[in-house]
1. Please work out if Arg43 is at pLDDT below 95, surrounded by 15 or more Cβ atoms within 10 Å (Cβ to Cβ) and of a type outside the set (Asp, Glu).
2. If you check every pair at least six apart or on different chains, which have Cβ atoms under 7 Å apart with a residue in region 58-85 that is on the phi < 0 side of the Ramachandran plot and surrounded by 10 or more Cβ atoms within 10 Å (Cβ to Cβ) first and a residue that is of a type in the set (S, T, N, Q) and in a helix (DSSP H, G or I) second?
3. It is to be established whether one or more residues within region 114-135 are part of a loop (DSSP other than H, G, I, E, B), over 21 Å from Gln147 (Cα atoms), touching a helix residue (DSSP H, G or I) at 6+ places or on another chain (Cβ under 8 Å) and of a type outside the set (Lys, Arg).
4. I need a count of the residues in region 121-135 that are over 23 Å from the mean Cα position of the chain (by Cα) and touching a residue at least 40 places away in the same chain (Cβ under 8 Å).
5. Just need a number here: residues in region 1-35 that are more than 23 Å from Pro156 (Cα to Cα), touching a residue at least 24 places away in the same chain (Cβ under 8 Å) and of a type in the set (A, V, I, L, M).
6. Hey, Pro96 hits all of (1) open to solvent by less than 70 Å² (accessible area, probe 1.4 Å); (2) in a loop (DSSP other than H, G, I, E, B) but one; which does it fall short on?
7. Quick check on region 114-128. Is at least one of its residues touching a strand residue (DSSP E or B) at 6+ places or on another chain (Cβ under 7 Å) and within 21 Å of Arg78 (Cα to Cα)?
8. Taking the condition at pLDDT 95 or above, open to solvent by 90 Å² or more (accessible area, probe 1.4 Å) and either assigned to a strand (DSSP E or B) or under 30 Å from Ser4 (Cβ atoms) (or both), does Arg138 pass?
Amino acid sequence: MPESVALDTVDLDILRLLQNDARTTYRELAAAVGIAPSTCLDRVGRLRRGGVILGHALRLDPARLGRSLEALLSVQVRPHRRELIGPFVERIRALPESRALFHLTGPDDYLVHVAVTGTADLQRLVLDEFTSRGEVARVETRLIFQQWDCGPLLPPA
C-alpha cells in the first residue's frame with residue numbers, strides 16, 4: 001500500500017481548488033493560494049510526481065450520449081479464483097457500457113456501474129455479457145435514480 005505524502009495547507013488548498021476545477025490556470029491557482037505562479041507549478045509537479053495527483057478526467061453526461069439509464073450490478077463470481085478474475089475484469093472494463101468496476105468483500109465479488117440506452121439494453125447487457133459467462137454465478141441489478149458528486153477528497157484531519 002502506498003504511503004501517504006506530507007501535505008501542508010497550501011498543498012491542500014491547491015488540491016481542493018483543482019478538484020473543483022482542473023482547468024484552473026497556474027496563475028489563477030497561485031493567486032488563490034497566495035504563492036508565485038512558478039512556486040505553484042513546482043508544487044503541482046511535486047504532487048504529480050508523488051502520486052497524489054493521478055491525472056485529469058473529462059466528465060461526460062451519459063444521458064446526452066444516449067445512455068440515459070444507469071445501474072449498479074452486484075456480481076458473484078464462482079469459483080473466485082485468480083485465473084478467472086483477470087479475464088473477467090479485462091472483459092468488463094472493455095465493455096462500452098461500463099463506467100466503474102469495484103472488487104469487493106462480502107457476498108458479492110464485484111460492483112459494476114453501467115450506463116445503457118434503456119431497459120432492453122440493460123437486459124441484453126446482463127444476459128449477454130454477464131450471466132452468459134461461466135464464472136458468473138449471480139447478478140443483481142439496481143437502477144440509479146440520481147447521483148451526486150461529493151466534496152473534494154482530502155487527507156484525514
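The values are calculated or read from the model by the stated rules, or taken from the named source; none is laboratory data. Please read all numbers here as calculations on a predicted model, not as lab measurements. When we count neighbours, we look across all protein chains shown, and the Cβ atoms used for this are built from the backbone with ideal geometry, even at glycine. Just so you know, the surface numbers come from the protein's heavy atoms only, side chains and all, with ligands and any DNA or RNA stripped out. Shrake-Rupley method; radii C 1.70, N 1.55, O 1.52, S 1.80 Å.
1. Values: at pLDDT below 95: no; surrounded by 15 or more Cβ atoms within 10 Å (Cβ to Cβ): yes; of a type outside the set (Asp, Glu): yes.
Criteria not met by Arg43.
2. Within 7 Å, the pairs are Leu69/Thr119.
3. Within region 114-135, the subset part of a loop (DSSP other than H, G, I, E, B) is 117-118, 132-135.
Then drop every residue that is not over 21 Å from Gln147 (Cα atoms), which leaves 132-135.
Next, only the ones that are touching a helix residue (DSSP H, G or I) at 6+ places or on another chain (Cβ under 8 Å) stay: 133, 135.
After this cut, where a residue has to be of a type outside the set (Lys, Arg) as well, the list is 135.
Yes, some residue in region 114-135 is part of a loop (DSSP other than H, G, I, E, B), over 21 Å from Gln147 (Cα atoms), touching a helix residue (DSSP H, G or I) at 6+ places or on another chain (Cβ under 8 Å) and of a type outside the set (Lys, Arg).
4. Residues that pass the stated criteria total 2.
5. The qualifying residues number 1.
6. (1)
7. Within region 114-128, one or more residues are touching a strand residue (DSSP E or B) at 6+ places or on another chain (Cβ under 7 Å) and within 21 Å of Arg78 (Cα to Cα).
8. Values: at pLDDT 95 or above: yes; open to solvent by 90 Å² or more (accessible area, probe 1.4 Å): no; either assigned to a strand (DSSP E or B) or under 30 Å from Ser4 (Cβ atoms) (or both): yes.
Considered against the rule, which asks whether it is at pLDDT 95 or above, open to solvent by 90 Å² or more (accessible area, probe 1.4 Å) and either assigned to a strand (DSSP E or B) or under 30 Å from Ser4 (Cβ atoms) (or both), Arg138 comes out as no.
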